[in-house]
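In what follows, a single structure is set out as structure tokens and then discussed.
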Amino acid sequence: MQSLIILAEEGHELNPLIPHPIEMVLSLVVFAILFFAVKKWVVPNFEATFSERTSAIEGGLAAAETKQAEADAKLAELDRQLSEARHEAARIREEAREQGATIVAEMREQAQAESNRIVEHGKAQIEAERQQAVTSLRAEVGTLATGLAGRIVGESLDDDARQSRVVDRFLAELEGAS
């Protein structure tokens, strides 16, 4: 400041574009002190913080990649298990269809066998009833025929052997005529 006053008194005008040498030196000293203080205390703290953040980010990225790889592996395993479960379900459905078809075929066979048995039983029962009816009819026709023949002939046909022969002969003639 004094130099400004001295220069102003001498009649020199100061050029605002050219700095004063003392100001330049003083500015350089203050800059050097600030630079040294920043380099000594601030920059190491920034570097430490940056390295911590960098390592935390890199560690986080590595952990994320590891977790992603694990998730991909688990997803692949789940997809494989799901595929196996689908194949197993399809196989079980196919086996169930085959078993169903087998059961239906067996039931048809059983139903056919039961139907055949019922038909055969019915035929046997009808045949037995027919035989019973024929026997009953023979006896009744025989009785009527011997009674009628006895009236026509005029003698009694009460003898069983004679009656049986007459009935058999009469029925044979009837069957031969039909």
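The values are calculated or read from the model by the stated rules, or taken from the named source; none is laboratory data. Keep in mind that what you see is a predicted model, and the values were worked out from it rather than measured. Heads up, the Cβs are rebuilt from the backbone with ideal geometry, glycines too, and the neighbour counts pull from every protein chain shown.
Quick rundown of the values:
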item	result
Tally of residues being touching a helix residue (DSSP H, G or I) at 6+ places or on another chain (Cβ under 7 Å), outside any loop (DSSP other than H, G, I, E, B) and at pLDDT below 75 across segment 129-169	7
Near pairs, Cβ below 9 angstrom, 6+ apart or cross-chain, from segment 9-24 (of a type outside the set (Gly, Ala, Ser)) to any residue that is modelled with pLDDT of 80 or more and in a helix (DSSP H, G or I)	Pro19/Ser27
